[in-house]
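Report on the structure given below.
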Amino acid sequence: MKVLELKNVSVRYRTEKGFVRAVENVSFDLEKGETLGLVGESGCGKSTLGFAIMKLLPEGTIVEGSIKVDGIDVSSLSNEEMRKIRGSKVSMIFQDPMTSLNPILRIGDHFVEMILTHRPDLSEEEARELAASALEDVGINRNRLRDYPFQFSGGMRQRVMIALSIVLNPAVLIADEPTTSLDVIVQAQIMELLEKLSREHSTSMILITHDMGLVAEAADRIGVMYAGHLVELATKERIFTEPLHPYTVALLESIPNTDINDRELKYIPGSPPDLSNPPKGCRFAPRCEKAMKICREKEPPEFEVDGTRVKCWLYGGDRNGSD
């Protein structure tokens, strides 16, 4: 059962220099209970895609294409209609929980406000009991509903954000760098918690991260984004054992491996393109060792190779030979 459907989603930001083409023609589906990892360098459009699904982009941003959450086409909803969807159908864990929580409100008030917005049939006492149960699900004592955000550590605040995100059992959970700025022990605890909650509630999750290790552990499928394009989408196993796109290969080769003493650390030369003026053809071509003449002239379509979706001229089309 598909709980999220994206078809040809594009996002353009208005700036003084013109439009920034942050996301272009991204399409994928998410099945019930599935976890999709979105990886790529900073600025590739991962978080923008998450905000587009939530309809939380700045005013004036142009969003094109179709986004359906649990069968509802959210791309056509008004802000007021979307408020009823956020939290109940789709929820998001933001990168920095301290800036996402109101410092002058007690933790319990955050829960009660959101719960009663979506469940006006409940009393405040019932909403607080639901909040207390959600806190306990993430390993926090219910008595801490009376505390303020500054009274929690970074890891505890992230647990609060997770509890807020799952308290109404949404169909889709978007986790945007959920372990940023946390130490490795707390990172492991947060990811274990997310996986546990996903299993127990059959929640589908989009895990947005730079960390290939996280998606190796948690994801069922992995989407690789580069400069606003979804350049490869496949199962976790195929991404790590048979990557097709040169960018995916380069990402995996740049992961440090302490078990190989004599291997030189690889990196991707150059920088991602300016998305207000992206290069002609394939956006990765200026940094790609396998770039051909056609790569610099014409944007590649998406090809399917043994179940992997890949946006690269190496796998089909009219190729004019290597440079």
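The values are calculated or read from the model by the stated rules, or taken from the named source; none is laboratory data. Because the structure is predicted, anything quoted here is derived from the model rather than measured. Methodologically, a virtual Cβ is constructed for each residue, glycine included, from the backbone with ideal geometry; neighbour enumeration extends over all protein chains shown.
Across region 204-227, the qualifying residues are those that are in contact with a helix residue (DSSP H, G or I) (Cβ under 8 Å, 6 or more places away or on another chain) and in a loop (DSSP other than H, G, I, E, B), and the one among them that is nearest to Thr48 (Cα to Cα) is Thr209. Criterion applied to Met54, Met114 was being closer than 27 Å to Gly33 by Cα, over 20 Å from the mean Cα position of the chain (by Cα) and surrounded by 19 or more Cβ atoms within 10 Å (Cβ to Cβ), and the one residue passing it is Met114. Taking the criterion of being touching a helix residue (DSSP H, G or I) at 6+ places or on another chain (Cβ under 8 Å) and assigned to a strand (DSSP E or B), the residues of region 71-95 that qualify are Ile72, Arg86, Val90, Ser91, Met92, Ile93.
Against the list (1) surrounded by fewer than 18 Cβ atoms within 10 Å (Cβ to Cβ); (2) in contact (Cβ under 8 Å) with a residue 24 or more places away in the chain; (3) not acidic (Asp, Glu), the condition Leu251 fails is (1). Among residues of region 118-130 that are in contact (Cβ under 8 Å) with a residue 40 or more places away in the chain and closer than 18 Å to Leu164 by Cβ, those with a beta-carbon under 9 Å from a residue that is in a helix (DSSP H, G or I) and not aliphatic (A, V, I, L, M) at least six positions away or on a different chain give the pairs His118/Arg83; His118/Lys84; Arg119/Glu126. Residue check: is Asp121 at pLDDT 90 or above, within 19 Å of the chain's Cα centre (by Cα) and not aromatic (Phe, Trp, Tyr)? Answer is no for this residue. Confirm whether Arg157 is more than 29 Å from Lys2 (Cα to Cα) and in contact (Cβ under 8 Å) with a residue 60 or more places away in the chain. Against the criterion (more than 29 Å from Lys2 (Cα to Cα) and in contact (Cβ under 8 Å) with a residue 60 or more places away in the chain), Arg157 qualifies. Checked against (1) in contact with a Phe, Trp or Tyr (Cβ under 8 Å, 6 or more places away or on another chain); (2) buried (at least 17 other Cβ atoms within 10 Å of the Cβ); (3) not polar (S, T, N, Q), Asp137 passes all but condition (1).
When Pro120 is tested against (1) within 29 Å of Glu81 (Cα to Cα); (2) in contact with a helix residue (DSSP H, G or I) (Cβ under 8 Å, 6 or more places away or on another chain); (3) not acidic (Asp, Glu), just one condition goes unmet, and that condition is (2).
Would you confirm, using the coordinates I've provided, whether Asp96 is surrounded by 14 or more Cβ atoms within 10 Å (Cβ to Cβ), modelled with pLDDT under 95 and in contact with a Lys or Arg (Cβ under 7 Å, 6 or more places away or on another chain)? It is false that Asp96 is surrounded by 14 or more Cβ atoms within 10 Å (Cβ to Cβ), modelled with pLDDT under 95 and in contact with a Lys or Arg (Cβ under 7 Å, 6 or more places away or on another chain).
Mind checking whether some residue in region 274-289 is in contact (Cβ under 8 Å) with a residue 24 or more places away in the chain and over 30 Å from Arg14 (Cα atoms)? Yes, there is a match, as at least one residue in region 274-289 is in contact (Cβ under 8 Å) with a residue 24 or more places away in the chain and over 30 Å from Arg14 (Cα atoms). Among the residues making up region 22-70, a single one is free of Cβ contacts under 8 Å to residues at least 60 places away in the same chain, of a type in the set (Gly, Ala, Ser) and part of a strand (DSSP E or B): Gly65. Which one is surrounded by the most Cβ atoms within 10 Å (Cβ to Cβ) among residues in region 226-248 that are out of contact with any strand residue (DSSP E or B) (no Cβ under 6 Å at 6 or more places or on another chain) and among the hydroxyl-bearing types (Ser, Thr, Tyr)? Per the stated criteria, the residue is Tyr226.
Just give me the residues in region 180-227 being modelled with pLDDT of 90 or more, charged (D, E, K, R) and more than 13 Å from the chain's Cα centre (by Cα), in sequence order. Asp220, the sole residue that qualifies. If you go through region 104-154 and keep only what is charged (D, E, K, R) and assigned to a helix (DSSP H, G or I), you end up with Asp109, Glu113, Glu124, Glu125, Glu126, Arg128, Glu129, Glu136, Asp137, Arg142, Arg144, Arg146. Looking across region 195-242, the residues that are over 12 Å from Gly40 (Cα atoms), touching a residue at least 12 places away in the same chain (Cβ under 8 Å) and hydroxyl-bearing (Ser, Thr, Tyr) come down to Ser198, Ser202, Thr203, Ser204, Thr235. Within the bounds of region 138-155, is there any residue that is modelled with pLDDT under 90, aliphatic (A, V, I, L, M), closer than 27 Å to Ile208 by Cα and within 24 Å of the chain's Cα centre (by Cα)? For region 138-155, residues modelled with pLDDT under 90, aliphatic (A, V, I, L, M), closer than 27 Å to Ile208 by Cα and within 24 Å of the chain's Cα centre (by Cα): present. Answer yes or no: is there a residue in region 96-103 that is among the acidic types (Asp, Glu), in a helix (DSSP H, G or I) and within 23 Å of Leu135 (Cβ to Cβ). No.
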